[in-house]
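Encoded as structure tokens, the structure appears first; notes follow it.
Laboratory data are not the source of any read-out in this text; all were calculated from the coordinates shown. Keep in mind that this is a model prediction, so the values were computed, not measured. Glycine also receives a Cβ, built like all others from the backbone with ideal geometry; neighbour counts cover every protein chain displayed.
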Amino acid sequence: MSLAPLELTLELQPRSRFDAIDVRDRVAALHGDVLDAYSRCVYCSFHTTAGFLDQGIAWRLSQRQAGVNDYMEPFRTVFPEGAEYRHDDLEQRTELSEAQRQVEPRNADSHLAFMAAGLRSCVTYVNRPGAPVPFVDLDGVNAGRPRRRQAGIVGYTGEIEVARLRVPVPVSGHPIDSVNLREPGLGLYQQAGELVTRHGVAKGRIRIELASGERQAGLTVNEYETLLMRHDLREVLHDPLRFMAEKGRHALRDPRAIPTKTLGYATYDLVRALNQLMDALGMKESWLERLLAHAMAVPAERFFRMKRSVNLLVSDRHTPGRGGIVEGTYQSPILVQWGHAPRRTRQLEIVLTRFV
């Protein structure tokens with residue numbers, strides 16, 4: 001007789017703006033070895049600036065002393081805190097009240113780094129007791145105070161596909177575009193919810209994936225805020241180094257103000273300014289130079305590690321026996337394209353599975 005799936009919720013408190021918390025270690029400290037009996041686990045973040053790495057990447061990084069830090073540092077460099085992001089110009093954020101503007105974090109860099117680094121809101125791991133599962137937080141402290149974070153975990157022994165549905169999603173004629181898949185007018189979320197109800201799935205997942213043949217597009221889960229998605233992300237897809245170049249242009253006006261860890265910020269004349277800066281600082285061959293050379297040699301579709309599928313947790317945590325899609329307040333699955341779609345339509349597959 002197989003074990004029934006086990007669901008846990010963890011409260012997490014980051015120690016700094018960027019932090020990596022081992023969720024598996026935290027579960028063991030609070031609940032002992034309760035997950036060891038399960039062959040697989042789903043880990044979910046309910047936040048748009050904190051998430052999980054795919055298991056293969058997490059495992060490789062765990063073999064290195066500063067693995068997660070080393071992996072995330074290039075993305076945090078390319079998207080520096082405090083650059084001129086439209087998302088962070090709170091006066092333009094008409095959806096915010098004056099009171100909200102006083103507390104709203106300026107964190108466009110964290111959103112962009114989340115998407116570029118391929119962080120996920122919901123991942124499935126083969127259960128390896130003792131192997132770390134890093135919860136990577138890119139905006140863990142706001143105004144000097146740690147933010148309240150939650151992670152959901154479901155241990156299970158098997159997974160059964162119970163329904164599959166193809167959904168066409170209209171996109172604009174612009175080669176670079178983003179679509180909020182949670183938008184009621186699309187009907188995608190309503191159809192996904194109806195599948196869960198019709199098949200009575202209490203614990204499982206919805207997988208949204210690009211249909212075979214779809215190219216120059218990817219999927220992520222993040223905040224669909226207009227200035228972030230329609231301006232900042234679009235500018236990055238045109239020019240992946242745009243915000244680092246801008247930050248470097250300001251930094252070079254006062255070289256003494258450049259911190260040790262951000263000595264490599266470039267200017268708009270990227271190659272010349274980078275060489276000047278590296279020569280002046282005696283950094284002839286650095287990891288940052290190699291990163292920039294690589295990033296400038298590939299298009300945004302290679303620089304951004306967006307996936308062809310995203311997962312949404314299905315759980316009955318709120319109403320026992322009645323499953324529904326569980327997500328954070330600001331989370332939305334988002335389709336991003338950087339090339340024209342034939343007939344201005346992208347084909348997506350919705351796959352519903354049940355945990356057993």
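Can you tell me the Rg and Dmax of segment 2-94, counting just the alpha carbons, in angstroms?
17.2, 55
Semi-axes of segment 87-165's equivalent ellipsoid from the Cα gyration tensor, sqrt of 5 times each eigenvalue, largest first, rounded to whole Å?
With the √(5λ) rule applied to segment 87-165, the semi-axes are 34, 18, 12 Å.
Please give the Cα centre distance for segment 161-226 versus segment 80-147, rounded to the nearest Å.
A separation of 22 Å, based on Cα centres.
If you look at just the Cα atoms of segment 6-156, how large are its Rg and its Dmax in Å?
For segment 6-156, the Cα-based Rg and Dmax read 16.4, 52 Å.
Pick out, in residue order, every one of the trypsin sites (Lys or Arg not before Pro) in segment 111-202 that is DSSP loop and has at most 15 other C-beta atoms within 10 Å; say none if there are none. Display every interim value, and only then the final one.
Numbers: sites: ARG120, ARG147, ARG148, ARG149, ARG164, ARG166, ARG182, ARG198; in loops: ARG147, ARG148, ARG182.
Loop-located and lightly packed - ARG148.
Scan around ASP22 for amide H atoms under 5 Å from its own, H built in the peptide plane at 1.01 Å from N, and keep only partners 5 or more places away or cross-chain.
The list, which skips near neighbours in sequence, is PHE135.
Tell me the relative contact order for segment 6-156 as a rounded percent, counting alpha carbon contacts under 8 Å between residues six or more apart.
Details: 259 pairs, mean separation 83.4, N = 151.
Here the relative contact order equals 55 percent.
Amide H neighbours of ASN222 under 5 Å, counting only residues 5+ apart in sequence or on other chains, H built in-plane at 1.01 Å?
Those qualifying (amide H under 5 Å, at least 5 residues apart or on another chain) are SER332, ILE334.
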